[in-house]
């Protein structure tokens, strides 16, 4: 692992949108089966791994709806 030392004189301000992470999304999707209620996930990446995981959950009688970058279970 690397260490970064950053020296600067100008303070940064503002906002950014952070892309969704597959490595975070997949276990969270799997955990929604334990909830028993509606789970809302935001900023879900639109990739095949996520689509396949949702198909697996739907085969277990879970319902899902996709709205832009949000998946409801």
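Values quoted throughout were computed directly from the atomic coordinates according to the rules given, and no laboratory measurement underlies them. All values reported here derive from a predicted model rather than from experimental measurement. Here the Cβ is made from the backbone with ideal geometry for all residues, glycine too, and neighbour counts use every protein chain on show.
Extension gain for residue 59 to residue 19 (0.36 nm times residue separation, less C-alpha to C-alpha distance): 11.6 nm. If the chain linking residue 6 and residue 42 were pulled fully straight, counting 0.36 nm for each residue of separation and taking away their Cα-Cα distance, it would gain 9.8 nm. Using a cutoff of 8 angstrom between alpha carbon atoms and counting only pairs six or more residues apart, the relative contact order for the chain works out to 31 percent. Ellipticity at 222 nm from helices only: DSSP H runs of n ≥ 4 in the chain, each -39500 (n - 2.57), divided by the residue count, give -11500 deg cm²/dmol. Each peptide in 16-26, 39-49 was scored by the mean count of other Cβ atoms within 10 Å over its residues; highest first, the order is 39-49, 16-26. Rounded to the nearest 10 degrees, the angle from helix 22-35 to the longest Cα principal axis of the chain is 40 degrees.
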